[in-house]
Every structure is written in structure tokens, then in C-alpha cells.
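Here is the structure we will look at, set down as C-alpha cells.
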Amino acid sequence: MVASIKHMFMFYGIANMIEKASKRQQRLAVLLRATSGTIRVADAMRALEIDRQHATQLLAGWHKQGVIRRIARGLYMPVQPTALGQIQVLEDPWVLVPELYHPGYVGGWSALEYWELTEQLFRSVCVLTSKRTEYGEVQHQGVNFFVKHVPEKQLFGTKTIWRENVKIRISDPYKTMLDIMNDPYLGAGLQHTTDCFLAFKKLYSQTDELKQLLAYMEQSQNGALYKKMGYLAEKLKFEPWFIDACKRNLTKGYAYLDKTAKSNRLVTRWRLWVPKGVDL
């Protein structure tokens, strides 16, 4: 009799465990259907209609079980069955940008690729953000990111695109030119930046397009850009009126075309220090 009662309690205990496990699986399925690529506590609260504490506990539990992986504080992603025990590489790492670097945008060499201003392919994702975070080379889920800090007032000139149902901001072609001209490292070096500026000329040489570029330069309130842009525009034979507009806006003092260059020559016409031996 006692043995029968024990077996009965064991049966109901196992059944209860199975029911709870099944309910957790159902909740996980609901959450995954309601999200795209990444999961936050707020997503779980909304999808499962639960409070923050419960949502936090559920996500922590699923992370411990290995069915989701934490990629940053409060940010998770589902684990594919084939990726168990491995570092899972996202199919589209751009979806992490609004989650990890808001306010910010995809820019630099990544934007050059997107707008077809270069034929080069880059392994890392270039991000510009005003958020206080780790800058320089960082890695998330097996993907390299290069993160540059910019003032919040410079977060203009972007377009919104959709990747895997995630809204992502990317610098438009005009802002991309300003960013890589301001810091050639974002353009994969001065020579490649110059090549991309020439590609820009071929694609965006209409009067209204060049006026848009000038409008962005004015908005940036960075006098060095007129010197850099004007010098390169003259070398690449842009429209004379565009070159003249850059001249009219020259500020006092001197700027460097590339601050990392060790040996420079002064081009007084543009009040610009230009690296020696640069083939333009």
C-alpha cells in the first residue's frame, strides 16, 4: 500500500514536471515567433504578458538551459540546434546595431558596401554611435565590429532600412562621404577613401546631389571638411562651382587630410596638410 502511494506521487510528480516543461517550451515558441533575431526582457513581457521579474527569470533560465544565448546585458538571441556548444554567428550581424549601439548607425566601410561605392568586401561592421560604450574593435557572436564615438549632433543624414524585420539606420551616401573624409580610417584608408569619393562623383554628380553634400557639410559645422573635400574635389575634377563653394567656406587655420600620416606637405591653397607620396 505504501509502495503504491509512493509510485502514485512519483507519477504525479513526473507528470507535473513534464507539464511545466511543456508550458515553458510553449512560451519559448510564442516568444520566438514574436521576435526577430534578438530578444530583450521587454519583448518577453509583451509577448507573454508577464511582469519584468518573471520575464527576467524566464530568460535567465532559458539561457542556463542553452536554448538562448546572452550576447549583452539584457539582450539574448535564440540558439540554433546546430550551434549548440559553439559560438553562433548571426546570419545578419547588422540586426545587433540598433540593440547594442542606439543611438547610432551603420556607416563607414559598411555603408560604402551597401551603397555600392566600393567593390571591396569587409569582414567587420562599422558603427558610429553617441552611446557610451566600448569603442574600437569589439566582437559579438563571432562577428567583428568597429565602433566609433561621435557627438549626438552628428547623428544625421541616415536612412532606415529593414533587415530580418529589424529597423536599422545607415548613413546615406552623402553622410557616408562626410564621415570617411573626416576620418579616412572609416573609409579603409586615405587611398580607398579617395577611390570611393571618385565613385561617388560618378553616381551622384547632379547639381541637386552636390548641393545636398554641401548642405551636410554646413550642418556638420566642421570647417576642415571644406578643405579636405575641396582639395580632393579639385584633384578629381568635380564641377567648378562645387570646388568654388568649398573655397568660399574655408576657415582659418590648417587641417590634416589624414591625421595618421607621418610625413606631410602643406597645400596653402586649401590650408591643408597632405601626406607626401599620396597618389591622387
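The values are calculated or read from the model by the stated rules, or taken from the named source; none is laboratory data. Since the model is a prediction, treat every value here as computed from it, not as a measurement. Note: ideal-geometry Cβ built from the backbone for every residue, glycine included; neighbour counts use all protein chains shown.
Observations on the structure shown:
- Residue pairs meeting the criteria (Cβ under 6 Å; at least 6 apart or on separate chains; first assigned by TED's automatic domain parsing to the domain that holds Gly74 and under 12 Å from Leu75 (Cα atoms), in the range 33-57; second modelled with pLDDT under 85 and aromatic (Phe, Trp, Tyr)): Ile39/Tyr76
- Pair list, Cβ under 7 Å, 6 or more apart: the range 122-149 residue closer than 16 Å to Ile168 by Cα, other residue modelled with pLDDT of 95 or more and among the acidic types (Asp, Glu): Leu128/Asp179; Ser130/Glu152
- All helices (runs of 4 or more DSSP H) inside the range 172-271 with 3 or more residues being in contact with a Phe, Trp or Tyr (Cβ under 6 Å, 6 or more places away or on another chain) and touching a residue at least 40 places away in the same chain (Cβ under 8 Å): 173-182, 223-235
- The residue list Phe242, Phe145 contains one member that is more than 17 Å from Lys259 (Cβ to Cβ), touching an Asp or Glu at 6+ places or on another chain (Cβ under 8 Å) and buried (at least 19 other Cβ atoms within 10 Å of the Cβ), which is Phe145.
- Selection status of Tyr114, in the same structural domain as Tyr216 (by TED's automatic domain parsing), surrounded by 13 or more Cβ atoms within 10 Å (Cβ to Cβ), out of contact with any Pro (no Cβ under 8 Å at 6 or more places or on another chain) and within 21 Å of Tyr76 (Cα to Cα): no
- Selected residue [loosely packed, with under 15 Cβ neighbours inside 10 Å, closer than 16 Å to Asp172 by Cα and either charged (D, E, K, R) or not assigned by TED's automatic domain parsing to the domain that holds Cys126 (or both)] from Lys252, Lys259, Lys211: Lys211
- Filtering the range 34-50 to residues that are assigned to a loop (DSSP other than H, G, I, E, B), within 13 Å of Val95 (Cβ to Cβ) and among the β-branched types (Val, Ile, Thr) leaves only Thr35.
- Scanning the range 163-179 for residues that are touching a Lys or Arg at 6+ places or on another chain (Cβ under 7 Å) and within 15 Å of Leu214 (Cβ to Cβ) yields a total of 1.
- In the range 87-132, the qualifying residues are those that are among the charged types (D, E, K, R) and under 12 Å from Thr38 (Cβ atoms), and the one that is modelled with the lowest pLDDT is Asp92.
- Selection count, the range 210-261, where residues are acidic (Asp, Glu) and under 25 Å from the mean Cα position of the chain (by Cα): 2
- Residues satisfying the stated conditions in the range 191-231, i.e. aliphatic (A, V, I, L, M) and more than 21 Å from Leu250 (Cα to Cα): Leu198, Ala199, Leu203
- Condition check for Gly37: modelled with pLDDT under 80, touching a Leu at 6+ places or on another chain (Cβ under 9 Å) and either within 26 Å of Ile168 (Cα to Cα) or not β-branched (Val, Ile, Thr) (or both): yes
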